[in-house]
Every structure is written in C-alpha cells, then in structure tokens.
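Q: Mind looking over this structure? Questions follow.
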Amino acid sequence: MVGGVTLSLTRGAEHGTPRLTDIAAQAGVSEATASRVLNGKPGVAPATRRRVVAALDILGYERPVRLRQRSAGLIGLVIPELTNPIFPAFAQVIEQVLAGHGYTPVLCTQMPGGSTEDELVEQMEDRGVTGIVFLSGLHADTTADPVRYHKLASRGLPFVLVNGYNERITASFVSSDDRSAVRMAVRHLADLGHTRIGLAVGPTRFVPSRRKAEGFLAAVRSFCGMRAEEAEAHIERTLFTVEGGHAAASALLDRGCTGLACGSDLMALGAIRAVRERGLSVPHDVSVIGFDDSPLIPFTDPPLTTVRQPVQAMATAAVGALLEEVGGTPVQRTEFVFQPELVVRGSTARRGG
C-alpha cells in the first residue's frame, strides 16, 4: 500500500512493494505530491501528474485503475527500418512524447519485402489513426512521387515529415541541419591537420545525402583550399550501411584521404573496418567521423567521434506540430531546422599523432 493505493507488480515479487520515496525520486517531485497523484486527488498540475505516472511505468509497476486513462487517439509512426539504431532512438522518443500527451503510438516499419509506405498508410487509416509522423520516408526521396502526400492532406489526415524537406509537399517538416553537420566534421578534421578529407554518404536522390554533399563541397573549399573538381572526387555515394561505409572508405583511402566524414554511424564503423584491413590505425593513421550519435556509439572501439542529431528536440517538435494540427490550430507549413552537435571522442586525432 502506498498512501492508500495498492500497486501491482509487473516485474516479479522479488522487487518488493514500491516505495513512495522511489516513485517521488524518479518523478522529481515531493512524496506528498506523488501521494496525491496516486490517490487521484486534485491540486496537481497535469505535467506533474504525467511525470508521476511515467515514474510508475519506468519503475515497472502497473498503474492503479484510477490512473488508467483512455487513449486520446492513435498516432502512426512510419520508419524505414530498425537496423540503423538512430531510427529506434527516434521512435522511442516520439512514442514517449505521444504517450505524455495521452496518445497511443502505432509503429510501422518498412522491412525489406514487407509492406510499402503506401500500404502502411492505408493500414493505419483503416485503424483510424488521428495523424502520422513520417521519419526519413519517401518524402526524402527526390525521385518519389509527392502526390501520395497531397492525397493524404486532401483526406484531412494531419501528418508531419522528419528529415527530408521536399518543396513540392505542403506540410510541416522537421530536419537536422545536414550542411552544418558536415561543415563541423570537415572543420574538426582540418583543425587536426588533415588536408585530404573524404565524404562517405548515401545516394544523391535522398535530400539529407544531397545536403551533406553540398556542405562538404563548401567546407573543403573553405578549410582545405580544395578546387571544386577535386572536392567532388572526394565524395563516395553508397548505402547508409556498414558495408556501404566500408566500400566508400576503401575508395577514399585509395585517393590518399587521411580524414573521413561519414553520413551515418554505421557507415563510420564500416570505414574503420576498411582502415584496419589495410593494417592502418584509427585515429593515428586515419581519423573517422560518423553522424547520428545513436545510443551505443560511445562504446565502440575506438569511441566514435560523431555529429549528434538532436533527437529529443526534433522528436518533440515533430509531435508538437502534429498535435497542433490535430487540435485544429493552423501550423506553419515550413521546415524547422535543428542544429546538430559535434561530439569529439577517440576516432579522430591530429594527423600523424
């Protein structure tokens, strides 16, 4: 019993009965406030009440019946895959923010050989979703027909698009500043004494890849004095995978590059493998920088220097824009761009250091 409320365990009896002090500490509130929430008493701000309920979830205990609220509705989340850890990271934050607003997230993943984005949207509409968040979807592919989004808008279903601005679509976009991200990476490598810097990035048809390449061309001209044609020759366009990074790095190493900027953390891991296969060392012979800073990246060998996407801020903004539209408030049909952050770890070092 906690303040007159019995909490059922979901993690097994070995954990014991939850203490009010634990719940209050997890929620960052006083024990008196936690007790008021658990007993369903008034006088607590909605945001504080949500923190206490979330604390129960985090600690692994079932919510008391009086705290179980009916969902405000279903919100669809479409992501391209689960292999790249940045997508589950985005999904987790988006789902947490949605849950905080009382919505139930419906996660849909485009696995190879599975349902297409259009089929997933159709399935979600059949389930009566209130809105949809698209993460790195077909909106980011410049060769894809944007009419599908026009039709979605004409049916009155709110949606927001993350990472991949498309001027042919009238919607709210949330993006990381890809040009700035690569500029940070190139500047860091140049400051370490690297003059032959290469970029491993995805196919040109994807907006984030295109923007990263544009940022690279401008940055190497600015920081390394490269001519335009030479800079272009230092870009390898491949897949956003470990294998893609390996292939791109191999080609760039053949051109004498000692600093490699990569379009994803997975590509950077492939690049490190390519460097080591040549008997070279990261970072003493070749410095490597990734992009995303997904959760396990600090624990690689060596710990990966990377450009961190502001996942929390982007996810919160995307959900906020969507729910504003769901609530009937007109939202700005524009691109909200968030600044990434260079995180320096052990995969970069002064050239020859």
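Q: Please go through region 232-250 and give me each residue that is surrounded by fewer than 22 Cβ atoms within 10 Å (Cβ to Cβ) and aliphatic (A, V, I, L, M), ordered by number.
A: Hits for region 232-250 are A233, I235, L239, V242, A247.
Q: Which ones in region 159-187 are open to solvent by 30 Å² or more (accessible area, probe 1.4 Å) and within 27 Å of G225 (Cβ to Cβ)?
A: Matches in region 159-187: D177, R179, R183, M184, R187.
Q: Which of (1) outside the structural domain of M267 (by the TED database); (2) open to solvent by 10 Å² or more (accessible area, probe 1.4 Å) does F299 not meet, given it meets every other one?
A: (1)
Q: Moving on to the next point. Determine whether A271 is assigned by the TED database to the domain that holds L77, under 22 Å from the mean Cα position of the chain (by Cα), open to solvent by less than 40 Å² (accessible area, probe 1.4 Å) and touching a residue at least 40 places away in the same chain (Cβ under 8 Å).
A: In short, no.
Q: Can I ask one more? With respect to T83, is the statement that it is open to solvent by 50 Å² or more (accessible area, probe 1.4 Å), at pLDDT 85 or above and outside the structural domain of L239 (by the TED database) true?
A: Taking the combined requirement at face value, the residue satisfies it.
Q: For region 200-223, give me each residue that is closer than 26 Å to L135 by Cα, open to solvent by less than 60 Å² (accessible area, probe 1.4 Å) and assigned to a helix (DSSP H, G or I).
A: Listed by number, the residues that qualify are V207, P208, S209, R211, K212, A213, G215, F216.
Q: Also, I was wondering about something else. If L342 passes every condition in (1) under 16 Å from A185 (Cα atoms); (2) part of a loop (DSSP other than H, G, I, E, B); (3) not small (G, A, S) but one, which one does it miss?
A: In the conditions (1) under 16 Å from A185 (Cα atoms); (2) part of a loop (DSSP other than H, G, I, E, B); (3) not small (G, A, S), L342 misses (2) alone.
Q: Here's another thing I want to ask about it. Specify the residue that is surrounded by the fewest Cβ atoms within 10 Å (Cβ to Cβ); the eligible residues are those in region 99-133 that are at pLDDT 90 or above and of a type in the set (S, T, Y).
A: By that ranking, first place goes to T116.
Q: Go through region 324-340 and report how many residues are surrounded by 13 or more Cβ atoms within 10 Å (Cβ to Cβ) and at pLDDT 95 or above.
A: Going through region 324-340 one residue at a time, the tally reaches 5.
Q: Please determine whether any residue of region 187-199 is under 28 Å from E325 (Cβ atoms) and part of a helix (DSSP H, G or I).
A: No, every residue in region 187-199 fails to be under 28 Å from E325 (Cβ atoms) and part of a helix (DSSP H, G or I).
Q: Which of the residues that make up region 274-296 are open to solvent by 10 Å² or more (accessible area, probe 1.4 Å) and in a loop (DSSP other than H, G, I, E, B)?
A: R278, G279, L280, S281, V282, P283, H284, D285, D293, P295, L296
Q: Right, another one. Being crowded, with 23+ Cβ neighbours inside 10 Å, modelled with pLDDT of 95 or more, in the same structural domain as A190 (by the TED database) and within 14 Å of A349 (Cα to Cα): is that true of G259 here?
A: Answer is yes for this residue.
The values are calculated or read from the model by the stated rules, or taken from the named source; none is laboratory data. Bear in mind that the values here come from a model prediction, so they are computed numbers and not experimental data. Because the Cβ atoms are built from the backbone with ideal geometry, glycine has one as well, and the counts that use them run over all protein chains shown. What goes into the accessible areas is simple: the full protein's heavy atoms, side chains included, and nothing from ligands, DNA or RNA. Shrake-Rupley method; radii C 1.70, N 1.55, O 1.52, S 1.80 Å.
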